[in-house]
Amino acid sequence: MEIDVFATLNGIPDEAINNKTTIVVDVLRATTTITVALAAGCLEVIPVLSPEEAIEMRGRLEDERVLLGGERNAVKIPGFDLGNSPLEYTAEVVAGKRLIMTTTNGTRAIRRAAGGRQVVLGAMINAPAVARHVAAATTDITIVCAGTRDRFSLEDFLTAGLIVAELTDQGDFSLRDGALTARDYYYSHHSDLATAMKASFHGRLLAELGLEADMDFCAQVGTSDLVPVYSGGVIKKVG
Ligand code: MLT
């Protein structure tokens, strides 16, 4: 089986997604936050592209269990229940709830990966669990980095490299150039992932907003065994 990594959504050929096992990465912070929300007992997450779509869907669902979560410019959207910090998504707040979520890059990347045979969400906190889950895949594996508004994001590429390293520790895979480079990048920073993350463009923006604690949380490797899977328009935990 082959693994490839795409550093942005720009120019990913359909054949790299369709019928492949796809892993979507937006480590700061959407895929981390969704993993945390599901681990805290959130029933499902519905990723949508805009705040307007989220508000319209909440009206249509007429379900008092629905919460709206997400961000624009890393800040909670006016009228929403929650922002995009993983630290907000505690069991007290999200257990038994359905979450409609929109983020600048993460939910867009999830929707782009929708044609995959299996679409999994990856972050640092669940990278070993994601690798164990997809290691037995019978298709090639495509890792899609959400990036930042169609530009390269260091932290997503670093996380993709971690997932590639976890996969190649477990089995024989053929690595395309994106996967080889991402893994090398991860190897060169693996001893201090938080510092590497904080040096990124998005990391510096989050630091300006006083969100260092979010980055320290997002840089922990393997603290969650939860694997989110996107299917039929909804993200749920595996199993
Ligand atoms: C995104 O989807 O662009 C991010 O999750 C932004 C953020 O850090 O809130």
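The values are calculated or read from the model by the stated rules, or taken from the named source; none is laboratory data. It should be emphasised that the depicted structure is a prediction, and the values quoted were computed from it without experimental measurement. The accessibility values were calculated without ligands, DNA or RNA, using every heavy atom of the protein model including side chains. Shrake-Rupley method; radii C 1.70, N 1.55, O 1.52, S 1.80 Å.
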### Message
With a 1.4 Å probe and all protein chains kept in place, how do Thr168, Thr31 rank by accessible area, largest first?
### Response
Thr168, Thr31
### Message
Pick from Leu211, Leu49, Leu121 the residue whose mean-square fluctuation is largest in a GNM of the chain, springs joining Cα atoms under 10 Å.
### Response
Leu211
### Task
Could you list the square roots of 5 times each eigenvalue of the Cα gyration tensor of the stretch 191-233, that is, the equivalent ellipsoid semi-axes, sorted largest first and rounded to whole Å?
24, 15, 9
### Query
Give me the Kirkwood hydrodynamic radius of the stretch 2-229 in Å, from all C-alpha pairs, to one decimal place?
17.3 Å
### Query
Scanning the chain for helices, which whole DSSP H stretches are 20 Å or more long along the axis (Cα) and average 1.6 or more by Kyte-Doolittle?
none
### Task
Counting only DSSP beta bridges with both residues in the chain, tell me the antiparallel percent, nearest 5.
30 percent
### Task
Determine how large the accessible area of Met197 is when every protein chain is in place; take a 1.4 Å probe and give Å² rounded to the nearest 10.
0 Å²
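Based only on Cα atoms, what mean projected area does the convex hull of the stretch 106-227 have, in nm²?
Numbers: hull surface 30.0 nm².
Approximately 7.5 nm², given one-decimal rounding.
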### Task
Can you sort Val229, Val164 by 1.4 Å-probe accessible area, starting with the largest?
Val229, Val164
### Query
Using a Gaussian network for the chain with springs between C-alpha atoms less than 10 Å apart, which of these wobbles most: Gln220, Gln170, Gln118?
Gln170
### Query
Considering only Cα-Cα distances, which of the following residue pairs are longer than 22 Å: Lys20/Lys198; Lys20/Lys236; Lys20/Lys76; Lys97/Lys236; Lys76/Lys97?
Lys20/Lys198; Lys20/Lys76
### Query
At 222 nm, what helix-only mean residue ellipticity would the chain give, in deg cm²/dmol to the nearest 500, using -39500 (n - 2.57) for each DSSP H run of four or more?
-11000 deg cm²/dmol
### GNM flexibility winner over the chain from Thr107, Thr22, Thr223 (Cα, springs under 10 Å)
Thr223
